[in-house]
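Here is the structure we will look at, set down as structure tokens.
The values are calculated or read from the model by the stated rules, or taken from the named source; none is laboratory data. Just so you know, these numbers come straight off a predicted model, no measurement behind them. Reconstructed Cβ throughout: ideal geometry from the backbone, glycine too, with neighbour counts over all protein chains shown. Note: areas computed on protein heavy atoms with side chains; ligands, DNA, RNA excluded. Shrake-Rupley method; radii C 1.70, N 1.55, O 1.52, S 1.80 Å.
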Amino acid sequence: MIIDIHGHYTTAPKALGEWRDRQIAGLDNPAITPDPSTLRITDEEIRDSIETNQLRLMDERGIDLTIFSPRASFMAHHIGDFQASSRWAAICNELCHRVSRLYPGRFAPAAMLPQSPDVDPATSVPELIRCVEEFDAVAINLNPDPSGGHWTAPPLTDRHWYPIYEKLVEYDIPAMVHVSTSCNPAFHTTGAHYLNADTTAVMQLIQGDLFADFPTLRMVIPHGGGAIPYHWGRFRGLAMAMDKPPLEELILGNVFFDTCVYHQPGIDLLLDVIPTRNVLFASEMIGAVRDIDPRTGHHFDDTRRYVEHADLDEADRVAILEGNALAVYPRLDAHVTVSPVG
């Protein structure tokens, strides 16, 4: 069984974006703010958006199950206030749930949170609860920078975030640390802001002692961990200078990296530096890079090819493609309908 832990609803029906545009316009003119009940998306529209896109590519690439969350760049927590973000998150989360209901065993929902800059993260807990208890969500996406590229939030190790961590531990679900659109022109959203955030999040975890307070908390760092694997020696050295334990003890019991790295040398480096048990298969498909690589003739985001061509024994390959996901996302069991690979 092949489990992709990083998928976003980037192909949602056009009506979703149109509703969001009206919501944003209503921030300046509350009289035109749309009610969530005015958004109507049929099951057939969802099927059309999934079957010709994600599901088609999953079948072509041999991916059985995808953890599916709202489009990351659409989270846009910096737009509007908490009320606006709450309505938007609720709509997007319900759509991902509907996808999982229409395609049981192929998609498992993960939830975005209604975060808002300078707002207590405790306000996001009710949506987290709703998505786990009503929608069977297996994870959340946690934005460490709701300001959209200005980094006004405290580090992830600050007690500011503890209300969310407490619920994650209670429900035994992980958080994927994933930023949204950058509104800072200095940082390209997918080429800089995403990778900067991955690196920043891990450095924050190295500087703090979060897992002493939450020893069972699990965090997934997407996009191969940004600069972390490539500069592993730098981070080991910085941890030593701060009198921290070795990184294997300090963070690798709780932090995991995905394989959203779009060339073979990058995957090979990731797998050479990071222990197999900390690597989870993912493609971010359909996401930031959608073209075919002229050097290989295959899509950049066809990451299964890279894993299959890496120097791995069969046990490690199965762990990355399936077993590690089932361990990090235990609520996936309720969504698995295909017998796991031995």
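Tabulated data for the structure shown
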{"read-out": "TRP88, sole failed condition from (1) in a loop (DSSP other than H, G, I, E, B); (2) modelled with pLDDT of 95 or more", "value": "(1)"}
{"read-out": "Residue, most open to solvent (accessible area, probe 1.4 Å), within the stretch 216-239, restricted to residues that are over 21 Å from ASP258 (Cα atoms) and either in contact with a helix residue (DSSP H, G or I) (Cβ under 9 Å, 6 or more places away or on another chain) or not in a helix (DSSP H, G or I) (or both)", "value": "LEU238"}
{"read-out": "Within the stretch 141-172, considering residues that are free of Cβ contacts under 8 Å to residues at least 40 places away in the same chain and either basic (Lys, Arg) or touching a helix residue (DSSP H, G or I) at 6+ places or on another chain (Cβ under 6 Å) (or both), the one farthest from VAL125 (Cα to Cα)", "value": "PRO154"}
{"read-out": "Search result, residues across the stretch 163-180 that are surrounded by 15 or more Cβ atoms within 10 Å (Cβ to Cβ) and either of a type in the set (Ser, Thr, Tyr) or under 17 Å from the mean Cα position of the chain (by Cα) (or both)", "value": "ILE164, TYR165, LEU168, TYR171, ILE173, PRO174, ALA175, MET176, VAL177, HIS178, VAL179, SER180"}
{"read-out": "Test: residue in the stretch 187-195 that is in contact with a His (Cβ under 9 Å, 6 or more places away or on another chain), buried (at least 19 other Cβ atoms within 10 Å of the Cβ) and aromatic (Phe, Trp, Tyr)", "value": "yes"}
{"read-out": "Some residue of the stretch 105-116 being under 20 Å from ASP64 (Cα atoms), out of contact with any Cys (no Cβ under 6 Å at 6 or more places or on another chain) and open to solvent by 10 Å² or more (accessible area, probe 1.4 Å)", "value": "yes"}
{"read-out": "Helices (runs of 4 or more DSSP H) contained in the stretch 261-319 and holding at least 3 residues more than 23 Å from ALA227 (Cα to Cα)", "value": "314-318"}
{"read-out": "The stretch 91-119, residues that are assigned to a helix (DSSP H, G or I) and of a type outside the set (Lys, Arg)", "value": "ILE91, CYS92, ASN93, GLU94, LEU95, CYS96, HIS97, VAL99, SER100, LEU102"}
{"read-out": "Test set (1) closer than 23 Å to VAL138 by Cβ; (2) in contact with an Asp or Glu (Cβ under 8 Å, 6 or more places away or on another chain); (3) open to solvent by 50 Å² or more (accessible area, probe 1.4 Å) - LEU326 fails condition number", "value": "(3)"}
{"read-out": "Some residue of the stretch 40-48 being outside any helix (DSSP H, G or I), touching a Gly at 6+ places or on another chain (Cβ under 9 Å) and without any contact (Cβ under 8 Å) to a residue 24 or more places away in the chain", "value": "no"}
{"read-out": "Hits in the stretch 57-94 (condition: within 24 Å of GLY191 (Cα to Cα), touching a Ser or Thr at 6+ places or on another chain (Cβ under 9 Å) and either open to solvent by 30 Å² or more (accessible area, probe 1.4 Å) or among the small types (Gly, Ala, Ser) (or both))", "value": "ARG71, ALA72, SER73, PHE74, ALA76, HIS78, ILE79"}
{"read-out": "Unique residue being in a loop (DSSP other than H, G, I, E, B), over 18 Å from the mean Cα position of the chain (by Cα) and among the small types (Gly, Ala, Ser) when the list is ALA212, ALA137, ALA153, ALA122", "value": "ALA153"}
{"read-out": "Check on ALA31, open to solvent by 50 Å² or more (accessible area, probe 1.4 Å), of a type in the set (Gly, Ala, Ser), part of a helix (DSSP H, G or I) and free of Cβ contacts under 8 Å to residues at least 40 places away in the same chain", "value": "yes"}
{"read-out": "Which numbered condition CYS183 fails, given (1) surrounded by fewer than 18 Cβ atoms within 10 Å (Cβ to Cβ); (2) not in a loop (DSSP other than H, G, I, E, B)", "value": "(2)"}
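Listed here are the residues, each with its yes/no results for (1) among the hydrophobic types (A, V, I, L, M, F, W, C); (2) open to solvent by less than 70 Å² (accessible area, probe 1.4 Å).
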| position | (1), (2) |
| --- | --- |
| ALA241 | yes, no |
| LYS244 | no, yes |
| LEU250 | yes, yes |
| ASP258 | no, yes |
| PRO265 | no, no |
| ASP272 | no, no |
| ALA288 | yes, yes |
| PRO294 | no, no |
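Results for (1) closer than 20 Å to GLY266 by Cβ; (2) hydroxyl-bearing (Ser, Thr, Tyr), shown as yes or no for each residue.
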position: LEU156; (1), (2): no, no
position: ARG159; (1), (2): no, no
position: ILE164; (1), (2): no, no
position: LYS167; (1), (2): no, no
position: TYR171; (1), (2): no, yes
position: SER182; (1), (2): no, yes
position: THR190; (1), (2): yes, yes
